[in-house]
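Written below as structure tokens is the structure these notes are about.
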Amino acid sequence: MAEQSKAGAARIVLYTVGVVLLGLLGGYAASWTGLTRPATDAAVREYLLEHPEILPEAMDRLQAREVANRLAPIKAQVTTPFPGAVLGNPNGSKILVEFTDFACTYCRHSVAEVDALIAQDPQLKVVIREMPILSEQSAAAARMGLAAAEQGRYPAFHKAMFELGPPSPTTIEAAAQKAGLDMARARTIAGSKAVETELARNLAIAERLSFNGTPSWVVGDQAFSGALPRDALAEALAKAHGEDKDKGKDS
């Protein structure tokens with residue numbers, strides 16, 4: 001039933017894109033050719049029927065444009081981290097934003113991919129936006145993560161938390177100890193208004209960008225959801241910075 005529902009939704013979206021294209025292209029063609037609108041609509045409709053493969057591409061471009069429009073007004077907010085919640089080079093010129101949840105299996109699998117990107121590019125700055133949506137304990141882990149960031153120990157906590165398994169009072173405490181946190185200070189910061197505000201902000205941003213799961217990503221004016229392989233992330237970064245992602249690779 002779920003697959004049928006997805007297929008139905010896809011058909012509706014493609015139909016909508018087709019209608020939009022028909023309206024836009026028909027109107028443009030009518031003004032350009034001087035033909036009547038019915039004639040141009042018929043020509044455009046015939047072309048779309050003969051070349052239906054352009055509809056998914058058009059849908060992708062339409063979605064990308066909508067995401068870019070939603071992202072533009074809040075871009076600075078998205079790419080500015082909670083102080084210290086950064087992996088890689090804190091002063092790097094290339095920014096990858098990851099929305100993550102310590103209880104998320106796919107986020108755990110993405111750790112190696114992000115680490116590989118960081119190892120490949122000394123200019124990469126990975127801004128982490130904690131998005132604890134899976135459980136009460138993932139929220140507790142996120143708060144402790146931000147407390148670790150306040151002490152300049154975020155990368156160590158992030159690594160330890162994902163290594164130790166699903167968040168629980170035991171694993172959160174162990175990760176904090178492994179990261180070398182001042183525990184009294186960390187508990188105070190974890191319960192602070194600043195941390196609660198950050199988590200609320202991240203959820204609001206995610207909703208605006210239509211992220212409903214983790215991991216989710218922002219690169220330049222692009223937004224993605226799901227566990228992406230490093231090559232896909234590297235390609236998005238290269239596109240955002242006008243680079244050839246294969247530059248420097250052995251031929």
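The values are calculated or read from the model by the stated rules, or taken from the named source; none is laboratory data. Small disclaimer: the values here were computed from a predicted structure and weren't measured. No Cβ is skipped: glycine too gets one built from the backbone with ideal geometry, and neighbour counts run over all protein chains shown.
Take the conditions assigned by TED's automatic domain parsing to the domain that holds ILE205, over 20 Å from the mean Cα position of the chain (by Cα) and buried (at least 20 other Cβ atoms within 10 Å of the Cβ) and apply them to ALA160. Does it pass?
On the way: assigned by TED's automatic domain parsing to the domain that holds ILE205: yes; over 20 Å from the mean Cα position of the chain (by Cα): yes; buried (at least 20 other Cβ atoms within 10 Å of the Cβ): yes.
Criteria met by ALA160.
Taking the stretch 109-128 on its own, how many of its residues are among the acidic types (Asp, Glu) and within 17 Å of TYR154 (Cα to Cα)? Lay out the reasoning, then the answer.
Applying the first criterion (among the acidic types (Asp, Glu)) to the stretch 109-128 yields 113, 115, 121.
Narrowing the set further to residues that are within 17 Å of TYR154 (Cα to Cα) leaves 115.
Total meeting the criteria: 1.
Every residue, every condition in (1) more than 21 Å from LYS239 (Cβ to Cβ); (2) small (Gly, Ala, Ser), yes or no:
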{"residue": "ARG108", "(1), (2)": "yes, no"}
{"residue": "GLN120", "(1), (2)": "no, no"}
{"residue": "LYS125", "(1), (2)": "no, no"}
{"residue": "ALA149", "(1), (2)": "yes, yes"}
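Does the stretch 182-205 hold any residues that are under 27 Å from the mean Cα position of the chain (by Cα), of a type outside the set (A, V, I, L, M) and either buried (at least 21 other Cβ atoms within 10 Å of the Cβ) or closer than 14 Å to GLU150 by Cα (or both), and which are they?
Let us first name the residues in the stretch 182-205 that are under 27 Å from the mean Cα position of the chain (by Cα), namely 189-205.
Retained after the next criterion (residues that are of a type outside the set (A, V, I, L, M)): 191-193, 196-198, 201-202.
Scanning the stretch 182-205 gives GLY191, SER192, LYS193, GLU196, GLU198, ASN202.
Restricting the first residue to the stretch 132-159 and requiring it to be farther than 14 Å from THR171 by Cα, which pairs with a second residue that is acidic (Asp, Glu) meet a Cβ separation below 7 Å and a spacing of at least six or different chains?
Partner pairs satisfying both residue conditions: PRO132/ASP101; ILE133/ASP101; LEU134/ASP101; LEU146/GLU130; LEU146/GLU198; GLN151/ASP182.
Need a quick list: helices (runs of 4 or more DSSP H) entirely within the stretch 129-226 having at least 1 residues that are of a type in the set (Val, Ile, Thr).
Values: elements: 136-150, 154-164, 169-178, 183-190, 193-208.
Hits in the stretch 129-226: 169-178, 183-190, 193-208.
Would you be able to tell me the number of residues in the stretch 172-181 that are surrounded by 15 or more Cβ atoms within 10 Å (Cβ to Cβ) and in contact (Cβ under 8 Å) with a residue 24 or more places away in the chain?
Residues meeting the conditions: 5.
Looking at the stretch 144-153 only, could you name the residues that are crowded, with 24+ Cβ neighbours inside 10 Å and out of contact with any Pro (no Cβ under 8 Å at 6 or more places or on another chain)?
Narrowing the stretch 144-153 to residues crowded, with 24+ Cβ neighbours inside 10 Å: 144-149.
Across the stretch 144-153, the qualifying residues are MET144, GLY145, LEU146, ALA147, ALA148.
If the requirement is being assigned by TED's automatic domain parsing to the domain that holds PRO229, on the phi < 0 side of the Ramachandran plot and surrounded by 19 or more Cβ atoms within 10 Å (Cβ to Cβ), which of these qualifies: ALA141, ALA116, ALA112?
Working: ALA116 fails: surrounded by 19 or more Cβ atoms within 10 Å (Cβ to Cβ); ALA112 fails: surrounded by 19 or more Cβ atoms within 10 Å (Cβ to Cβ).
ALA141 is the lone residue from the list that is assigned by TED's automatic domain parsing to the domain that holds PRO229, on the phi < 0 side of the Ramachandran plot and surrounded by 19 or more Cβ atoms within 10 Å (Cβ to Cβ).
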